[in-house]
1. Rounded to a whole number, what % of the accessible area of the stretch 1-128 do carbon and sulfur atoms account for, probe 1.4 Å?
2. Of Asn86, Pro62, Pro119, which is farthest towards the positive pole of the stretch 1-128's charge dipole, taken about the Cα centre with +1 and -1 on the beta-carbons of Lys, Arg and Asp, Glu respectively?
3. Within the chain, which DSSP H helices have Cα atoms that stretch 15 Å or more along the helix axis and a mean Kyte-Doolittle hydropathy of at least -1.0?
4. If you put +1 on each Lys and Arg Cβ and -1 on each Asp and Glu Cβ, how big is the dipole of the stretch 1-142 around its Cα centre, in Debye rounded to 20?
5. Considering only protein heavy atoms, what per residue accessible area in square angstrom results for the chain with a 1.4 angstrom probe?
6. Of the chymotrypsin sites (Phe, Trp or Tyr not before Pro) in the stretch 108-200, which ones lie in a loop per DSSP and count no more than 13 other C-beta atoms within 10 Å?
7. Excluding residues fewer than 8 places away in the same chain, name every one of the lysines whose C-alpha is closer than 26 Å to that of Lys96.
8. May I ask for the distance between the Cα centers of the stretch 90-167 and the stretch 46-78, given as a whole number of Å?
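The values are calculated or read from the model by the stated rules, or taken from the named source; none is laboratory data. Bear in mind that the values here come from a model prediction, so they are computed numbers and not experimental data. Note that we place each Cβ from the backbone using ideal geometry, even for glycine, and neighbour counts take in every protein chain shown. These accessible areas exclude ligands, DNA and RNA; they are computed on the full protein's heavy atoms, side chains included. Shrake-Rupley method; radii C 1.70, N 1.55, O 1.52, S 1.80 Å.
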Amino acid sequence: MMRIGLDIMGSDHGPAVPVRGAVMAQRELPTDVRIVLIGDEARIRELLAEEGADPAAFDIVPSQDDITMSDNPTKAFQAKPNSSINLGFQLTKAGKIDAFASTGNTGAMLVGSIFILKPITGVLRPGIPTLVPKEGGGIGVLLDVGANADCKPDVLAQFGLLGSLLAEHVYHVPTPKVALLNIGEEEKKGDILRQATYELMKEQTQYTFVGNVEGRDVFTPKADVMVCDGFTGNVVLKVIEGFHDLLEAHGVDDPFLHRFNYENYGGLPVLGVNGNVIIGHGISNDIAIKSMVLATREVVLSKLNDRIREALV
């Protein structure tokens, strides 16, 4: 039996949206997957009743004094041991759930991933990826998008490996093409960090490195995995999100634009830690929550962390 823990208290919309998303996911999941709802038990039972769902179809773990978006991530773990996020990590570490998904405080999710579950041996820095649609179909992986604002060359080179394994084993991209996001395609382009990273990526043999790509190439088939530091990646991500919202506000209706909708994937794993942790948008609606739970199952089934351990032996 696979058990997926879902944080009910981290949503920008309150508990109702995560519960509704969990009910939607439960109706699509096979019988060997059980969702563990972590949050205000009384409120969860009340909301399940409103949705016409059988409480016996879920496990419920009561939380209290939950971590908010304004809390200091590190201090919150010490001050709020019975919060939904803290409990989710403790259950994951103890092996009582196979994965933990949350749309709550991203900083707290990173703190829990790194200090409770800890990085897989050999991982220099865990990273957060995002997905971008590719022209002509398919998706690309961009990482890091916020976990590591400053990176050294060996960290960026390893992101290429983590991203390649994610693309291959979770999103079923055969022999992913890995590139370094840079200000030009030529080998000697970029600052000292990018130039040194290029040399490391060119010399490694664990993934298919195809050289530099520019920002204009993010949506083209030139690369399946695009590597950058978390500062750059977060700026790129926010520009993409902002431009998508702007086009929608201007009434642009295009099939490619629809593929940017975060509802389709819901959340993405923290790469390189000893446990399956999925982070979603705080603004996620019920459809996005459902997608996040379904995506979490795929991450567990992929045995991604085992593939990472094998690659780092």
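1. On the way: 2780 of 5620 Å².
Summing carbon and sulfur atoms, their accessible area is 49 percent of the total for the stretch 1-128.
2. Pro119
3. Both cut-offs are met by 16-28, 153-169, 192-203, 230-249, 286-302.
4. 580
5. 44
6. none
7. Reachable lysines: Lys75, Lys80, Lys118, Lys290, Lys303.
8. 23
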